[in-house]
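Scroll down for the structure; my scribbles are underneath it.
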Amino acid sequence: MAKTKPPPEQYATTNRVCCCNVKTAGYIVAIVEIVLCILALYGLFRNFQVFGSPYFFWFFVGIISIIIIIIGIIILILAIVKRKANWVIPHMFSQIFLTLFLFIVALVTAILLLFERYRGIRSLLGQGDYYMSDESTRLLGYLIILVYLAVALLEIFFIWIVYKLYLHLKECERIKNGQFSLLAAYDDEGYNSNVYIAPKNDNAHGGSPSAGDVYPYEPPVTPPPQGYRRAQ
């Protein structure tokens, strides 16, 4: 029976992040960002319904931003499915841009609150002509800072995950293209059915792949336990 070649992920060393596989983490990032986009879309339509035409500019900018983010999410999912490392880059750039935007808005809001420029906060949100008391505006400003900083920190964590995903997919591409191999023991697709690689932390002390140990044909013989004596 012909042996099925395992995927390059088996030999990649960057396939874990936190407590799960890096590809699974990438899917989780995509799902969470889709949920955030849905919430943002609801907020845009709700604000446009309440504030009317003065809010149209921010409504339009928000819709365009959400479309760009969704396109980035779709490309991220395709990158995971197709194992294309470079396809992850557009999503990573959109994450960086979004994170910077969130920090800037939170910073500007904090400065306006510091100097009690409540009308500036309302104008920042496209609500300049909408009646709102200064007390309500101050509470809204605190809420904006809290939410925007929380989402920005979450996106920073997601950027780290996506970067790990990029490294993982890049390594898989190198293995598949034959640009990376242990002692040239593999064929052009990074696999050789006649080579056994001892797993990391091997209790049998058979060696370590990271040290370059490659065993042809079969695994090393497991040594007998300590205190073992051959029967006479």
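Only the coordinates and a few stated rules stand behind these numbers; no lab work does. Quick caveat: nothing in here was measured; it's all calculated off a predicted structure.
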Under the rule of at least 5 residues apart or a separate chain, name every residue whose amide H is placed under 5 Å from the amide H of Val17.
Val22
Along the stretch 40-50, Karplus-curve 3J(HN,Hα) (6.51, -1.76, 1.60; θ = phi - 60°) to the nearest Hz, with x for Gly and Pro, reads 5, 5, 4, x, 5, 5, 5, 5, 5, 5, 7
Stick to Cα atoms and the Kirkwood definition of Rh, then tell me Rg/Rh for the stretch 8-176.
1.09
Contour minus end-to-end for Val81 and Leu100, with contour as 0.36 nm per residue of separation and end-to-end as the Cα-Cα distance?
4.0 nm
On full extension of the chain, what length is gained from Phe157 through Leu139, given 0.36 nm per residue of separation minus the C-alpha to C-alpha distance?
3.7 nm
